[in-house]
Protein chains: 2
Amino acid sequence: MSKKPSIPKGTRDFNAEEVAKRSYIMETIKEQFQLYGFQPIETPSFENSETLMGKYGDEGDRLIFKILNSGEYLKKISDEDYNSKSESSITPKISEKALRYDLTVPFARYVVQHQNEIEFPFKRYQIQPVWRADRPQKGRFREFYQCDADVVGSKSLFQEVEFVQLYDAVFTALKLEGVTIKINNRKILSGIAEVIGAQDKLIDFTVALDKLDKIGEEKVKEEMRSKGIPEDGIAKLQPLFSLSGDFGDQVESLESILSTSEIGKTGIEELEFINSAISKLKLKTAKLQLDVTLARGLNYYTGAIFEVSAPEGVKMGSIGGGGRYDDLTGIFGLKDMSGVGISFGLDRIYLVLEELNLFPDTITEATKVLFISFGEEEAMASIQAVSKLRESNIKAEIYPDAVASGKQMKKQMTYANRRNIPFVVLVGEEELKSNTYSLKKMATGEQQKLEFRDLLKALE
Amino acid sequence: MSKKPSIPKGTRDFNAEEVAKRSYIMETIKEQFQLYGFQPIETPSFENSETLMGKYGDEGDRLIFKILNSGEYLKKISDEDYNSKSESSITPKISEKALRYDLTVPFARYVVQHQNEIEFPFKRYQIQPVWRADRPQKGRFREFYQCDADVVGSKSLFQEVEFVQLYDAVFTALKLEGVTIKINNRKILSGIAEVIGAQDKLIDFTVALDKLDKIGEEKVKEEMRSKGIPEDGIAKLQPLFSLSGDFGDQVESLESILSTSEIGKTGIEELEFINSAISKLKLKTAKLQLDVTLARGLNYYTGAIFEVSAPEGVKMGSIGGGGRYDDLTGIFGLKDMSGVGISFGLDRIYLVLEELNLFPDTITEATKVLFISFGEEEAMASIQAVSKLRESNIKAEIYPDAVASGKQMKKQMTYANRRNIPFVVLVGEEELKSNTYSLKKMATGEQQKLEFRDLLKALE
């Protein structure tokens, strides 16, 4: 094989710097998850196909990566199916497993499967990759990590309150200040649809409303008309188009619209509860904002809906989202388990931190000192010193291929430079005799001859 | 769906305790990898099939999980191939990607693909899952983690020396004292085969020799005879069967056997170099032992071969292994890149630490304190206190569903007990009035009423 090898489209290799930066984000999120009492679980990369199929709609089914059965997998196909040469009949016969598409369905499966070992309410977090056979494009990958925290088994709105706090805590810990946590409630959307006589057009209605920012009031109304939403319904929406002021003002407008809808009023109460608790608790650096156009996975959520956007001035889609779903585990036969959860968008958070230069310098600092030795005996002395440095928690390396000429010496200095190693120690005949080490600071070229004790001090 | 859901055979769910214990092992390994100057990389879970196929032998090819192409994947099959209904013609047409089978081949692919961005010698570590369609059995899984460290681009034997140190450092850090690092050298095995006139029977010879411990000298000789190794060759092996004494004694016996083999003598020199360096550097808790029967992936290694076994008295296969391979990247067209690396067996190390009770208690300590509140107002006060505790890095939770009756109170105490939460704080009407918190120590039942300041102190 002489062609340079490559990786499948939509996948990525990560080098040391990228791994370090990604770990920094994940560890920061993990730390906050744990402070809030969430417990980690992990599920297998692939599930039985029946666990995943049919849970994400037709489009989702198509985007699920299926794993080919092992062995003589064609034997399981009947002649009739085989002769049809049709994917829909053949796929289920030759593939019984599929790669995880998100963390929510495996979590639901986990809860049902392990219900007798779990104490409810169950607060779990999960940080693992998922796979989607989506068309790859800028910022969209076929393999990417999800970072989820969910609670199942509690209907208390304090859960929602804690999730708002958790978002604030994570982004504050990442020094990403000024994010907006947008909140809405599915019950408000249902209430509006009810009031304007478009219960059966909830999706059309929210899709149109969602475009308000981009296309303006008139175009939104036009779209609603074209979807068959009645003119007097659209008229009732008028206050929605000019929602402004703080949370309280906006809630007042909503109350006037929703005065005749029971479900709508419940939605408003829930919103107010969360907002009032957060006002008392105070957020550190984020702000909470009502966004009535927020719909996210409408068919899924039943109560609060969350979405987080990057600080103003950073062009980036949502960097987090979530909400409450009243029947998470019902698909696997366990009824009455209300769940609520949030998710962090690792890849987008990465891009935002990069753009705003918010990664701490320390996380990409790898090796602190490289030993260069001028012969085998010198290398042996170096490795003894390196061992002691490591015992003092100093990241140290030895360049073990003996230096025979000036040219090779230069190669080793270049190596230290390119690897961003701040210190080099030279061990030659002279140092060996005097039991010393020549420490060179790469940034300045400064060089001193030190005994081990002082070398340790200089590097600590 | 009313059937309780399950996961594919050979895969596992991990609960919070298992995740914590596994993380502890992986973090400990990672820390040492970094101290030794290894840099992390990550590669995609699936590779192009051509990257993996043919790299692990026929058996390996069969055990690789293949991913079904998306969309109308049957269209790519010619009528002729389709009518053959044969897996060997159809699989390559309907599957272009496959799950990672180990970390070594993806690493080789990475090195070749990114050779212009890499500084050599390149010391990388990688801790990621791999997948094999093996028959699942006790301790063998279809999804499991590998933890590898490798250096490419250096032929120095100091690399081998450092890997012995690294094994010692990791197992010492895990408090797993007394492991045996067995070492051999492929060149010694080649030398022996040469001396006894069985160059072409190197594998038969080592397979037989490997059984010495289990079946004894006579049976080993019998097996060698049955494989066609000549009688006078077997006679020359006599000193091998009674290898004893320390490293030096054993090397002496080997020298007498291998006096006529150039490659054999080189192997002995390499062994002696490593052993002498380690004698000077001293291991902390492990011991280095020559094992001439050690062969591990014979066709792969070209120099040193390593294997680590658990401390005496623990029945467990090897918990680590590795060696030098002179042409790692040749399969992808990059010649002359000598590599050497080691691997840690996460699952087995886990079982050993469990058996010897070596996991620190602290790692499974999750939430420290649970707040139980007796009404909405009390819950609000609780959540304010909980927020402050978290800011002081105390893992705190609130049980937010208001307590209405004695029965529910009991439920919440049971929850704290089962979750192993050491402290509970009760916030009722009285506490709310006096701005205090009743702290209960679950182990003793002891209860005190405290102001927040003292509560914080008690929990810190």
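The values are calculated or read from the model by the stated rules, or taken from the named source; none is laboratory data. Predicted model only: the values in this text are computed from it and were never measured. Cβ atoms come from the backbone with ideal geometry, glycine included; neighbour counts cover every protein chain shown. Side chains included, ligands, DNA and RNA excluded: accessible areas come from the protein's heavy atoms. Shrake-Rupley method; radii C 1.70, N 1.55, O 1.52, S 1.80 Å.
Numbers for the structure displayed
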{"quantity": "Residues of the range A:99-125 satisfying the condition of being in contact with a Phe, Trp or Tyr (Cβ under 7 Å, 6 or more places away or on another chain) and more than 9 Å from chain B (Cβ to nearest Cβ)", "calculated": "A:100, A:101, A:111, A:125"}
{"quantity": "So residue B:108, is it surrounded by fewer than 21 Cβ atoms within 10 Å (Cβ to Cβ) and either among the small types (Gly, Ala, Ser) or more than 25 Å from residue A:44 (Cα to Cα) (or both)", "calculated": "no"}
{"quantity": "For residue B:328: the one exception among (1) modelled with pLDDT of 90 or more; (2) surrounded by 15 or more Cβ atoms within 10 Å (Cβ to Cβ); (3) aliphatic (A, V, I, L, M)", "calculated": "(1)"}
{"quantity": "Residue within the range A:142-151 that is more than 30 Å from residue A:10 (Cβ to Cβ) and either touching a Ser or Thr at 6+ places or on another chain (Cβ under 6 Å) or crowded, with 23+ Cβ neighbours inside 10 Å (or both) present", "calculated": "yes"}
{"quantity": "The listed residue being free of Cβ contacts under 8 Å to residues at least 40 places away in the same chain and charged (D, E, K, R), out of A:79, A:102", "calculated": "A:79"}
{"quantity": "Residue satisfying condition, being under 21 Å from residue A:276 (Cα atoms) and not assigned by TED's automatic domain parsing to the domain that holds residue B:23, within set B:395, B:388, B:410", "calculated": "B:388"}
{"quantity": "Matching helices (runs of 4 or more DSSP H) fully within the range B:169-236 where at least 1 residues are surrounded by fewer than 18 Cβ atoms within 10 Å (Cβ to Cβ) and touching a Phe, Trp or Tyr at 6+ places or on another chain (Cβ under 7 Å)", "calculated": "B:212-226"}
{"quantity": "Selected residue (only one of B:93, B:76, B:97, B:4 is of a type in the set (Lys, Arg) and within 26 Å of residue A:144 (Cα to Cα))", "calculated": "B:97"}
{"quantity": "All positions within the range B:1-23 that are out of contact with any strand residue (DSSP E or B) (no Cβ under 8 Å at 6 or more places or on another chain), more than 7 Å from every other protein chain (Cβ to nearest Cβ) and assigned to a loop (DSSP other than H, G, I, E, B)", "calculated": "B:3, B:9"}
{"quantity": "Residue list for the range A:137-168, filter: of a type in the set (Lys, Arg) and part of a strand (DSSP E or B)", "calculated": "A:140"}
{"quantity": "The range A:245-295, residues that are in a helix (DSSP H, G or I), open to solvent by less than 40 Å² (accessible area, probe 1.4 Å) and modelled with pLDDT of 95 or more", "calculated": "A:264, A:267, A:268, A:270, A:271, A:274, A:275, A:277, A:278, A:281"}
{"quantity": "Failed item in (1) within 22 Å of the chain's Cα centre (by Cα); (2) part of a helix (DSSP H, G or I); (3) at the interface with chain B (Cβ under 8 Å from one of its Cβ atoms); (4) surrounded by fewer than 18 Cβ atoms within 10 Å (Cβ to Cβ), with residue A:26 passing the rest", "calculated": "(3)"}
{"quantity": "Pairs, first in a strand (DSSP E or B) in the range B:311-337, second surrounded by fewer than 17 Cβ atoms within 10 Å (Cβ to Cβ), C-beta under 7 Å, six or more apart", "calculated": "B:325/B:300"}
{"quantity": "Helices (runs of 4 or more DSSP H) within the range A:62-136 that include 2 or more residues assigned by TED's automatic domain parsing to the domain that holds residue A:44 and either touching a His at 6+ places or on another chain (Cβ under 9 Å) or within 30 Å of residue A:38 (Cβ to Cβ) (or both)", "calculated": "A:104-113"}
{"quantity": "Yes/no for residue A:295 being of a type in the set (A, V, I, L, M, F, W, C), within 29 Å of residue B:388 (Cβ to Cβ) and either in the same structural domain as residue A:28 (by TED's automatic domain parsing) or in contact with a Gly (Cβ under 7 Å, 6 or more places away or on another chain) (or both)", "calculated": "no"}
{"quantity": "Test: residue in the range A:419-431 that is farther than 22 Å from residue B:153 by Cβ, in a loop (DSSP other than H, G, I, E, B) and at the interface with chain B (Cβ under 9 Å from one of its Cβ atoms)", "calculated": "no"}
{"quantity": "Failed condition for residue A:343, given (1) among the hydroxyl-bearing types (Ser, Thr, Tyr); (2) part of a helix (DSSP H, G or I); (3) within 30 Å of residue A:304 (Cα to Cα)", "calculated": "(2)"}
{"quantity": "Lone qualifier among B:90, B:67, B:7 - being buried (at least 18 other Cβ atoms within 10 Å of the Cβ) and under 29 Å from residue B:351 (Cβ atoms)", "calculated": "B:7"}
{"quantity": "Any hit, the range B:334-347, residues being acidic (Asp, Glu) and open to solvent by less than 30 Å² (accessible area, probe 1.4 Å)", "calculated": "yes"}
{"quantity": "When residues of the range B:29-54 are limited to those that are in a helix (DSSP H, G or I) and within 7 Å of chain A (Cβ to nearest Cβ), the one surrounded by the most Cβ atoms within 10 Å (Cβ to Cβ)", "calculated": "B:51"}
{"quantity": "Hits in the range A:440-460 - residues which are free of Cβ contacts under 8 Å to residues at least 24 places away in the same chain and buried (at least 17 other Cβ atoms within 10 Å of the Cβ)", "calculated": "A:440, A:450"}
{"quantity": "Within the range B:145-162, considering residues that are within 12 Å of chain A (Cβ to nearest Cβ), in contact (Cβ under 8 Å) with a residue 40 or more places away in the chain and not charged (D, E, K, R), the one nearest to residue B:130 (Cα to Cα)", "calculated": "B:145"}
{"quantity": "Subset of the range B:390-399 [surrounded by fewer than 22 Cβ atoms within 10 Å (Cβ to Cβ) and either more than 9 Å from chain A (Cβ to nearest Cβ) or not in a loop (DSSP other than H, G, I, E, B) (or both)]", "calculated": "B:390, B:391, B:392"}
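One line per residue, one yes/no per condition, for (1) of a type in the set (Gly, Ala, Ser); (2) in contact with a Cys (Cβ under 7 Å, 6 or more places away or on another chain); (3) within 25 Å of residue A:9 (Cα to Cα):
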| position | (1), (2), (3) |
| --- | --- |
| B:112 | no, no, yes |
| B:123 | no, no, no |
| B:153 | yes, no, no |
| B:176 | no, no, no |
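Residues are listed down the side, and each one gets a yes or a no for (1) surrounded by 14 or more Cβ atoms within 10 Å (Cβ to Cβ); (2) part of a helix (DSSP H, G or I); (3) over 45 Å from the mean Cα position of the chain (by Cα); (4) within 14 Å of chain A (Cβ to nearest Cβ):
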residue	(1), (2), (3), (4)
B:372	yes, no, no, yes
B:377	no, yes, yes, yes
B:409	yes, yes, no, no
B:413	yes, yes, no, yes
B:416	yes, yes, no, yes
B:433	no, yes, yes, no
